[in-house]
Amino acid sequence: MAPLKAHKLREESRESLEKQLDELKNELSQLRVAKVTGGAASKLSKIKVVRKSIARLLTVINTSKKTALREHFKGKKYAPLDLRAKKTRAIRRRLTKHESSRKTLRQQKRETHFPQRLYAVKSD
């Protein structure tokens, strides 16, 4: 069995991917039995290929699930933690642009009643 190609797997439906996954898992269990019972060297070397193919399949399935979830939560107010932007802890806790630009009533009054004065300074 030739190793699976991820770009070809992405074109397939979810049901066919899950069917392939079951087949590969069964094949892997048979290969492991053959390994214990002293099977041929070709079967032993095939274990690695099957394991990597399973990993590729699972990766494609999980990424497709994640993209579907991203599409579902797009534009909504809240999203699951694993779909939010990671950034750094400090950035996530920082005030938003709107929050940091807000001014208290007292500050607004001071700015309107006592604006910054402009003076022309004569240079000597």
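The values are calculated or read from the model by the stated rules, or taken from the named source; none is laboratory data. All values reported here derive from a predicted model rather than from experimental measurement. Here Cβ is always computed from backbone atoms with ideal geometry, including for glycine, and neighbour counts include all displayed protein chains. Heads up: the accessible areas ignore ligands, DNA and RNA and are worked out on the full protein's heavy atoms, side chains in. Shrake-Rupley method; radii C 1.70, N 1.55, O 1.52, S 1.80 Å.
Assorted remarks:
- Relative to the longest principal axis of the Cα atoms of the chain, the long axis of helix 14-36 makes an angle of roughly 50 degrees.
- Accessible surface area normalised per residue over the chain is 90 Å², counting heavy atoms of protein chains with a 1.4 Å rolling probe.
- Computed in the context of the full set of protein chains, the accessible area of the chain at 1.4 Å probe radius has 54% of its extent on carbon or sulfur.
- The range 84-124, Rg to Rh (Cα coordinates; Rh as Kirkwood inverse mean 1/r): 1.33
- Counted charge near G39, where neighbours are those whose Cβ lies closer than 12 Å (Asp, Glu -1; Lys, Arg +1): +4
- Kirkwood Rh (inverse of mean 1/r, distinct Cα pairs), the range 1-66, angstrom: 12.4 Å
- Debye equation applied to the C-alpha atoms of the chain, log10 I(q)/I(0) at 0.15, 0.16, 0.21 Å⁻¹: -0.90, -0.94, -1.16
- Once the chain from E27 to H7 is taken as fully extended at 0.36 nm per residue, the excess over their C-alpha distance is 4.9 nm.
- Helix 41-73 and the longest principal axis of the Cα set of the chain meet at an angle near 30°.
- Relative contact order (%) - criterion: Cα under 8 Å, at least six apart; region: the chain: 25 percent
- Of the trypsin sites (Lys or Arg not before Pro) found in the range 28-124, those that fall in a DSSP loop while having at most 16 other beta-carbon atoms within 10 Å are K74, K76, K77, R84, K86, K87, R94, R102, K103, R117, K122.
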